[in-house]
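S.K.: The structure that follows is given in the form of structure tokens.
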Amino acid sequence: MLLEELKKGELGLPEIQRSYVWNRPQARDLVDSLYREYPSGLILLWKPEQLPVLREASQSQTRQPDFLILDGQQRLISLQKIFDGEVDVWFNAEEESFEIYSPKMKANPLWVSVQEVMAKGAVASWRELKNRLVKFSRNVQEDETDAYLEKLSKLEKIRDYRYPVMIIHTDDYEEVTESFIRINSRGTKLREAELAMAQFAFHWPGVVIKQFEEALDTYEQANFDLEARFLMRCYVAVGTGQSRFRYLGSLWSKDQNELGEIWKQTRRGLDYTINFLKNNAGVESSDWVPSINALVPLVAYFSKKEGQLSPTEEKTLLFWLFEATIHGRFTGSPETKLDQDLRALNSSADGLGQLIANLRREVPDFGVTTEMLVGRYQRHSFLPLLFAVFRERSARDWFTGVVLSSTNVGPEHRLEFHHIFPKALLRNRYTSYEIDDLANIALLSQIAHRPIGKSEPRLYLPSIEQSRLTAQLVPLDEDLLRVERYKDFLSVRRELVSRAMNDYLRDLGREWFQKNPPTA
């Protein structure tokens, strides 16, 4: 009944609801719970006299909804996607287990599609299952027939599962928002940012949908895939001077005009930050940002920035950003350190200098050692700095000569991580950890990968212009380019990379170090 009402548009989503966020395993687990008759909670609906701002899914409906979903959206939409086959969950009629479909299931005739059972019924599904068993030369005994049909019938009954429903009748949006927050503050919790957005939707209706989503679409087109809760974090930082979502009383006391001005400042800071990352830091997409929280102080700083960015400001910001990133300042629980940095920006005439001073208290030595570079390249905290160093050295693709950029047009020119010693060449001699070491990585276009294959570096590197190799700090000693010298190659390249990184960082932080010389 509820799914039919959802499909017909009789149920809608208010703005305070987050969008659908469950992944496929979560949807699978829901079906498993219903099959085993585990408790699955209630559905909370809201019956307003006048509709508030609705989420996009509701806005696209051809009719106005009769009820709005306050709690249960993720469950209902998950079931709808499974019954429609959009989330392809399969059921093992022997083991009574559920899995997301994969081609390997074809080898076992006992896997059946949940969507097909819901559409065709248990009896028809059993006939198809029996035919498959015959094709696999499986003789089915009478007691097995009863058991399989019973399990499929039990699965089909999920379609008729009745959730208990509670309906709130009120036009008091504040009361509804408070109910939503209380419900979602226990059990499977919403993040505090999403609860803050629910309050935001109450105090300034329409903004989460219109302003936030327009900004997110704009940034996605610029290769920055951000989330609404990050925008909310930035909004709170700009509006309150701190990052925590639980201390927002002063924010909600403002009227809509004041909230609007804060959003304008926040959007200005976000735009400035994205452009600074792309054009000044060489961080051309969100894939190159190990910690998104490191951007919050930048947004707060740029939201109040007037006039042009001076060369000193540019270098100081870059120095702080790379040092904060490689030393993991905002990993884990970031609020305490974010608040320290936001206070520094708001209370000091030399806010940027204080940002570095805050970092200096936990990182006494800003130098890069070779030991710090050891480790797999995937999500390595030094990747953005490595790319920035390559760009500073005017690095080009080894084969095409095109300047390195993560935003090159066309799949063949897309930037990729290239193993200087190909993985296939090293696979039986070194561990995957050693093969994927950051020191074995260069940046090339996809098209450039193809002629290399499994070649040993000493065979293919001599054909490449030396300046393109040295720009990416590749040792040219032919003896180091042999498989048996691979670990020596890593050591030498780490030395070259760490030296280049230190030179680059020293240049960025030169003025700060002159004002803050190390104490004896």
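S.K.: Taking only the Cα atoms of the chain, how large is their convex hull per residue, in Å³? Before the final figure, lay out the partial values.
M.R.: On the way: hull volume 104.7 nm³, N = 520.
That works out to 201 Å³ per residue.
S.K.: Roughly how many debye, to the nearest 20, is the charge dipole of region 89-159 about its Cα centre, given +1 on each Lys and Arg Cβ, -1 on each Asp and Glu Cβ, and no other charges?
M.R.: Charge dipole, region 89-159, about its Cα centre: 380 debye, nearest 20.
S.K.: Please compute the length gained on full extension between E4 and A107, using 0.36 nm multiplied by the number of residues separating them and subtracting their Cα-Cα distance. Write out the running numbers ahead of the final one.
M.R.: Details: separation 103, 0.36 × 103 = 37.08 nm, distance 3.50 nm.
The E4-A107 span can extend by a further 33.6 nm.
S.K.: Among DSSP beta bridges whose residues both lie in the chain, state the antiparallel percentage, nearest 5.
M.R.: 70 percent
S.K.: Residues with beta-carbon under 10 Å from that of D488, excluding D488: net charge, scoring Lys, Arg +1 and Asp, Glu -1? Numbers along the way, then the final one.
M.R.: On the way: positive: R482, R485, K487, R493; negative: D477, D479, E484.
Around D488, the charge tally is +1.
S.K.: Enumerate the amide H contacts of L70 below 5 Å, restricted to partners 5 or more residues apart or on another chain; note that Pro and chain-start residues carry no placed amide H.
M.R.: Residues meeting the amide H criterion: L44, L45, W46.
S.K.: Along the Cα→Cβ direction, 7 angstrom out, place labels at S250 and Q50. What is the inter-label distance in nm?
M.R.: 3.3 nm
S.K.: Something else now. Sum -39500 (n - 2.57) across every DSSP H segment of at least 4 residues in the chain, then divide by the residue count to get the 222 nm mean residue ellipticity, nearest 500. Walk me through the numbers before you get to the answer.
M.R.: Values: 25 runs with 249 residues, N = 520.
Value at 222 nm, helices only, nearest 500: -14000 deg cm²/dmol.
S.K.: Find which of V207, G239, A349 sits farthest along the positive direction of the dipole of region 191-360, computed with +1 on the beta-carbon of Lys and Arg, -1 on that of Asp and Glu, about the Cα centre.
M.R.: It is A349, whose Cα lies furthest towards the positive end.
S.K.: Now, a different point. What net charge do the residues around W512 carry, taking every other residue with its C-beta under 10 Å from that of W512, with Lys and Arg at +1 and Asp and Glu at -1?
M.R.: Net charge in that neighbourhood comes out at +2.
S.K.: Take the Cα radius of gyration of region 89-159 and divide it by 2.2 N^0.38 Å, with N its residue count; two decimals is plenty.
M.R.: Its radius of gyration relative to the 2.2 N^0.38 Å reference: 1.01.
S.K.: What value in Å³ per residue do you get for the convex hull of the alpha-carbon atoms in region 270-316?
M.R.: Taking the convex hull of the Cα positions in region 270-316, it is 76 Å³ per residue.
S.K.: Report the label-to-label distance for E511 and R379 in nanometres (one decimal), using points 7 Å from each Cα along the Cα→Cβ vector.
M.R.: My value for the distance between the label points is 3.6 nm.
S.K.: Ok, one more. Could you work out Rg/(2.2 N^0.38 Å) for region 310-466, with Rg from alpha carbons only?
M.R.: Values: Rg = 19.2 Å, N = 157, 2.2 N^0.38 = 15.0 Å.
Normalised Cα radius of gyration, region 310-466: 1.28.
S.K.: When a footprinting reagent is the concern and you count Cβ atoms within 10 Å, what order do I158, I441 take, fewest first?
M.R.: Working: I158 19, I441 22.
Sorted ascending by nearby Cβ count, the order is I158, I441.
S.K.: Now, a different point. Between R499 and E213, what is the label-to-label distance in nm when each label sits 7 Å out along the Cα-to-Cβ direction?
M.R.: Here the modelled spin labels are 5.5 nm apart.
S.K.: K454: which lysines have alpha carbons under 17 Å from its alpha carbon, excluding same-chain residues fewer than 8 sequence positions away?
M.R.: K423
S.K.: For each pair in K104/K151; K8/K106; K104/K130; K7/K104, compute the distance between the two Cα atoms and list the pairs where it is over 24 Å.
M.R.: The pairs that break the limit, which is 24 Å between Cα atoms, are K8/K106; K7/K104.
S.K.: Enumerate the calculated ³J(HN,Hα) couplings along region 280-292 in order (Karplus 6.51 cos²θ - 1.76 cosθ + 1.60, θ = phi - 60°), each rounded to whole Hz, writing x wherever the residue is Gly or Pro.
M.R.: 9, 8, x, 8, 9, 7, 5, 5, 9, 10, x, 10, 5
S.K.: So, one more: Can you list the residues, at least 5 places off or on another chain, whose amide H is less than 5 Å from the amide H of V165, using H built in the peptide plane?
M.R.: It is I43, by chain and number.
Computed from the coordinates by the stated procedures, all read-outs in this text should not be read as laboratory data. Small disclaimer: the values here were computed from a predicted structure and weren't measured. When we count neighbours, we look across all protein chains shown, and the Cβ atoms used for this are built from the backbone with ideal geometry, even at glycine.
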